[in-house]
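Take a look at the structure below.
The values are calculated or read from the model by the stated rules, or taken from the named source; none is laboratory data. Keep in mind the model is a prediction, meaning the values are calculated, not measured. Positions of Cβ are backbone-derived with ideal geometry, glycine not excepted, and every protein chain shown enters the neighbour counts.
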Amino acid sequence: MTDRTLLTSAVTVQAALAVSASLGGSLQPQPPDPRTGPRVIPNDLADWLAALRLLAAVPFAYLVPDAELLPQESARFFYLDRAWTDALVQGAMSVGTVTTADHAQLEAVYPYVRDEVDEAERLARVAGHDPAPLGPAGTITGLLLRSRAVAGWPGLHVRAYSELVPDDAMLPDSDSRRLRLLRVERLAPAVLLVLVDGVPRIVHVEEPRQGLQFGVRPPDGDPDGATRQGLVPPRDIRTGEPLVPMDDKTNWVPVRFRPNAPGVLNLRKTRDALLAVQGTNMGSDVDSAEFAIQLLRYPYRQVFGPAGPQTDPEENPSSTGTKAGWAQVFRPQVGVPELLADFTGETS
Amino acid sequence: MPSTPQPGFFNLWSALTPPLKAGQYRLDAQIDLDPGVAPTALPVEPGQTFFTVDAPRFALPADQLLSTYPPADGNGAYSERLPQVVLKRRTLPWERAPGTGADATLPWLALVVIAEGEGTLSPEADITQCVTPGVTLAGAADVTQGVYLEVTKTVIDAVFPAKEDLPLLCHVRQVDLSDTELALGDDDGWMAVVLANRLPWPASADPTTTGGAGQPAAAPVRYLACLINLEGQLAALPDAAGDETGTFVPVDAIAHFDVYADAFADPDTLAMAQPAAGTPPAGPPPATVARSTLADTWATGPPAAAAARALGVDAGRAVRDLMAQPWRTPVSTVTTDQTYRFPVLTHWQFTVDADPSFEGLMQALDVALLGSVPEPDPQAPPPPRPVPDVAATGHVGLAHLTRRGDQATAWYRGPLAPRPTGRDESATPHGPLPVAHASDQLRRVTPDGREDLTYAAAFEIGRLLALSQPPVVAALMRWRAEQFGAARAAQLAAQTVAGTSLLGGAPAVTDVPDLGRIVGGALLGRIDADPAATVGPRRPLADPGAPIAGLAGDLEAVVATGLGLNLGALRAQGAKLGAVDALANTAVPLAETPPGPVLEGPDLAALRTAAEAVAGGLAAEAAAGAAPLAGAEASASARPDALDDLLTELES
């Protein structure tokens, strides 16, 4: 192999490496670590401790000590006990401390470790384009959801807002009212744990979009589909807005089915039925995009927050199904006298 | 190119047909050099290039699948939504021609949803087996092994989309890439969507009440969704059915299957052909003849065993085979109906049950703060286990076996508290508690006498979690070793600096844990403070020269005498003009050369000798005056300067 060949192959390899590096960089934009300056503990250790603070790998029995606290089909909101997670971190840091010198060292550096883990904790789940939040850690709250909805609809969208927003609001991640989620994880097929950086006033849990979905709705008074009918609201294809009231299915178009074929749509007849509706702007024929718009079904969104409608429930007619007393969800309700009475055994 | 929609919005397009369908092409290139000249006049050899436009055919590349609905192996109430598959490449449904002529523009992909028992999903087979016998697909195949779906004509007529339905079921969606919820991880924001034409409905619980109002559907049904290739087999699809109905028959065949299963489970019935006890009840006929016939085989088939299933062609074949067992019943062996095979690009299954919908589930949730226990219904029978002892703070009384063996109860609260808990809750009037080194330091005793093990348990589980991960333990130990090493170095530096008289009063060593830099800085500082004492006196810029003996006295007198000028006149003129101008204006008297005899012979030699002697004396005198510049050897007579002092000091 001559020198020239060697040179060429080296250049080729370098070019390939450069290309792959640039490709990798473009595919997975890695935000630069915003933590600069001298550190007491290495960042990877701080990250691990921050993950521990967010209860990664903590056995579930330690989170919910009794099954009655999280019965089936329930949602439980909570505050994260900082003293508990600090004790957790202290336990992890105590590994390998044998002598009093070790203890003295740990006591000397622990305040710094605590602050640095606070910082690392806020960096959890930071998307590439978001400004990295820094500063002291605040209150962390969260939600435990145990329901068949978690098992059947993997990838639920959970959004928490620090202020009241309309039920149909769709605020981007960067909106200041939107609280960051520090952790969204299914601990079990039917148990979802959500940790929120801040105290939300309103929480939206939405059906996973899985893209958009297309389908029908059963007639009024038949939530289980016993009548085996399907209705769709005709929409204006230019705006996607429905032409009929969403909460009154009187004028909805019934979907036609093929006889002797369970659940199979008769598309031609359904199309004819849709064409008969005035105002859809569909012209004389229906193409697939127009057909898809007519069958569009928005994901259902459950709103947890103060009672009372925030807006008109356009597509989610029952999304304001909040229960009374919800306003109290994130307010401390325990006073010292009650606590004393409880702990000393005097029942009120 | 239309503009990108806003986040949260999307555009739908009915079709995006690629300029070239998949296949092999020949590109003929001919160059016409001069438009005014016939091509034959300046012939250029025509170029020919062959190329292939590729597209998936028998298997969907794993990266082309963005999402499926319902989710693979999902289990829930999906009955109101059409199953769909979202493909990454926007042109994919139109990249092949399923038929000829006008049919060439139809999508070649269709998503069919079949219930258990309605068809057969094959194991991996050679791709020549993947189409109905008699049909051949020209052109190259993308894989050698594929999966096919075998269904009877009856099922096709009932379930498959009609040919004219196909364009309605495929569309293209354009979303904003930054809308992560809609973009699904796509790379350009364009994706193709293939819808099914069937609502997956659960079966009703009791076949005798099929379709009766008020009877909730109950029996879950497993469905198989297959993305099939329709190339060359458009003729098998049903006609656009003219019949219609406002309601549809439920999938009740499954219920029949159960009855048959009971019947055939009895070996007597199987072997001895005795009438079974569980004869199928007289109900409306099953939805299709095919499924009724299939029921027998299906009932004796192996149960579906697995719950997890991987999507795509890259999953392990064993898993796939196991998963596909319910659809593995060979259709052709049990029916005389004509059967068709369709290549399956991707497939997944899901179970539709009669659960409440997502909406129903969410609205029925019991919502509260953690730590609240639902009030027991006084009418209800006592619960099998006692209601937990929950305090208003969220603490739970748990059985506690103490180290001495006593049976006690202790309070415990997890990290999830029903009220805000301050971080400094552990602070005492004397300040925050020190860092705990053992879990026992965090045990408390509550006013009611019971122990509160909350934070002790947290400490212990944190310790165990760290110990359970060797890399973490190693990182902790390494970090601690580095900390100790740094402290040791700092201590050493402090001691070194403190012990050095030269560096007395050096900066605090904890600031710069680098001895070399401390020493260097301190040394330079001391040198700079008093360089004369540290390094030596500064050398003057110029040394004074030695006095010349002949130049002593009044300078004007010397000049006037040497040049033979009139000193008095010079002084008088100098008083007016200045000494320099006076000199410049005064002519120097020149001695007349006597015209006498030339000095020759011994006189000349004597004179030369005398002159040389005078010159030598003058030179020696000048050399003595310049001695300090010449070197140390000749400096004995000169006045010693600062450098000489330093050198002497060094030598001594």
Residues in region B:200-221: is at least one crowded, with 16+ Cβ neighbours inside 10 Å, touching a helix residue (DSSP H, G or I) at 6+ places or on another chain (Cβ under 7 Å) and modelled with pLDDT of 85 or more? no
Run down A:200, A:208, A:166 and say which single residue is over 11 Å from the mean Cα position of the chain (by Cα), surrounded by 17 or more Cβ atoms within 10 Å (Cβ to Cβ), outside any strand (DSSP E or B) and of a type outside the set (Phe, Trp, Tyr). A:200
Hey, can you tell me all the residues within region B:530-582 that are of a type in the set (A, V, I, L, M), surrounded by 10 or more Cβ atoms within 10 Å (Cβ to Cβ) and not in a helix (DSSP H, G or I)? B:535, B:546, B:548, B:565
Residue by residue through region B:583-602, note down the ones that are of a type in the set (D, E, K, R) and either closer than 29 Å to residue B:554 by Cβ or surrounded by 10 or more Cβ atoms within 10 Å (Cβ to Cβ) (or both). B:592
I'm trying to understand the selection: among the residues of region B:156-177, which are buried (at least 21 other Cβ atoms within 10 Å of the Cβ), at pLDDT 85 or above and in contact with a Lys or Arg (Cβ under 8 Å, 6 or more places away or on another chain)? B:159, B:165, B:168, B:172
Does region A:160-178 contain at least one residue that is under 15 Å from residue A:76 (Cα atoms), outside the structural domain of residue A:63 (by TED's automatic domain parsing) and at pLDDT 85 or above? yes
Yes or no: region B:100-118 includes at least one residue that is within 14 Å of chain A (Cβ to nearest Cβ) and either charged (D, E, K, R) or without any contact (Cβ under 8 Å) to a residue 12 or more places away in the chain (or both). yes
Give all pairs with beta carbons closer than 8 Å in which a residue from region A:264-282 that is outside any strand (DSSP E or B) meets a residue that is of a type in the set (Lys, Arg); count only pairs at least 6 apart in sequence or on separate chains. A:266/A:256; A:266/A:258; A:269/A:256; A:270/A:256; A:273/A:256; A:280/A:235; A:281/A:238
Residue satisfying all of: in region B:444-470; facing chain A (nearest Cβ under 8 Å) and in contact (Cβ under 8 Å) with a residue 24 or more places away in the chain; surrounded by the fewest Cβ atoms within 10 Å (Cβ to Cβ) among these: B:446
Note on region B:53-69: residues within 8 Å of another protein chain (Cβ to nearest Cβ) and not small (Gly, Ala, Ser) are B:66, B:68, B:69
Go through region B:107-140 and report how many residues are buried (at least 17 other Cβ atoms within 10 Å of the Cβ) and within 21 Å of residue B:25 (Cβ to Cβ). 2
Of all residues being among the hydroxyl-bearing types (Ser, Thr, Tyr) and outside any helix (DSSP H, G or I) in region A:40-82, which is surrounded by the most Cβ atoms within 10 Å (Cβ to Cβ)? Just the residue, please. A:79
For region B:88-134, give me the residue count where each residue is under 30 Å from residue B:361 (Cα atoms) and assigned to a strand (DSSP E or B). 5
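I need the full set of residues from region A:71-120 which are among the polar types (S, T, N, Q) and either facing another protein chain (nearest Cβ under 7 Å) or under 23 Å from the mean Cα position of the chain (by Cα) (or both), in order please. Break it down stepwise before answering.
First, pick out the residues of region A:71-120 that are among the polar types (S, T, N, Q): A:72, A:74, A:85, A:90, A:94, A:97, A:99-100, A:105.
Of everything in region A:71-120, those that are among the polar types (S, T, N, Q) and either facing another protein chain (nearest Cβ under 7 Å) or under 23 Å from the mean Cα position of the chain (by Cα) (or both) turn out to be A:72, A:74, A:85, A:90, A:94, A:97, A:105.
Going by the structure shown, is residue A:240 surrounded by fewer than 16 Cβ atoms within 10 Å (Cβ to Cβ), closer than 16 Å to residue B:171 by Cβ, of a type in the set (Gly, Ala, Ser) and in the same structural domain as residue A:215 (by TED's automatic domain parsing)?
Against the criterion (surrounded by fewer than 16 Cβ atoms within 10 Å (Cβ to Cβ), closer than 16 Å to residue B:171 by Cβ, of a type in the set (Gly, Ala, Ser) and in the same structural domain as residue A:215 (by TED's automatic domain parsing)), residue A:240 qualifies.
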